[in-house]
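Taking it in order: structure first as structure tokens, then the write-up.
The values are calculated or read from the model by the stated rules, or taken from the named source; none is laboratory data. Just so you know, these numbers come straight off a predicted model, no measurement behind them. We place every Cβ from the backbone using ideal geometry, glycine too, and count neighbours over all the protein chains shown.
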Amino acid sequence: MSHSHSHSHINGDHDHTNCPHDHGHGNEVSPVNEHMHHEEAVVSKQPVDLLIDAIRQGDLDTCKLVALQSPEAIQSRDSNDDATPAHWCALFGELKVMEWLKEVGAPLHERVSRSGMQPLHWACTKGHTDIVRFLLNNGGQIDSLDIKSTPPLVIAAQYDHTILVFFLVRQKADINLLDDCEVPRKLWAARAR
């Protein structure tokens, strides 16, 4: 019997950032129209979405510039996923940007309304132990549950992030509770070994 959970946290399940195939996302901008295309994109985006674009690129200087021009961006949620900038830092492993977000008072532990996932959960999907450590050291709850009653430990195990699983166990993640399929977390933890 297989117990599988889907944790779709980005608009759609497929991450196109490293995909060599053309998915029709308009990436084929001609050099002549590149400048105009860039200006149109900037004008049509909300400040929080510009901030998230900078986070995706790991560009702390642009993050600071966006926040300087639109301070509300660090407290906002993106227009597609209802996620905070901290969620995106967690997903992309951007520790320096996450540290800056903390410095400027951005929320680090908010939940996405559809999934109940916090940045801690998103970091676990990608195995970003440094982000998980940072979030736990700054008020994150190690056994925080999403709407499927799934804690970070189970998510890390499901995505085969063995080092992160061991880190969470060493940090005293509760391995005896049940997830929404009533599978003991210790079985998920053992699976990652």
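Is there a residue being in contact (Cβ under 8 Å) with a residue 40 or more places away in the chain, in a helix (DSSP H, G or I), under 19 Å from Ile147 (Cβ atoms) and not hydrophobic (A, V, I, L, M, F, W, C) anywhere in the stretch 86-95?
Yes.
So that you can scan it fast, the table gives a plain yes or no per residue for (1) exposed (fewer than 11 other Cβ atoms within 10 Å of the Cβ); (2) polar (S, T, N, Q); (3) at pLDDT 95 or above:
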{"site": "Asp13", "(1), (2), (3)": "yes, no, no"}
{"site": "Ile52", "(1), (2), (3)": "no, no, yes"}
{"site": "Ser76", "(1), (2), (3)": "no, yes, yes"}
{"site": "Cys89", "(1), (2), (3)": "no, no, yes"}
{"site": "Leu95", "(1), (2), (3)": "no, no, yes"}
{"site": "Trp100", "(1), (2), (3)": "no, no, yes"}
{"site": "Glu103", "(1), (2), (3)": "yes, no, yes"}
{"site": "His109", "(1), (2), (3)": "no, no, yes"}
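Return the only residue of Ser2, Ser6, Ser113 being at pLDDT below 50 and either part of a helix (DSSP H, G or I) or exposed (fewer than 13 other Cβ atoms within 10 Å of the Cβ) (or both). Write out each step before concluding.
Numbers: Ser6 fails: at pLDDT below 50; Ser113 fails: at pLDDT below 50.
Exactly one residue qualifies, and that residue is Ser2.
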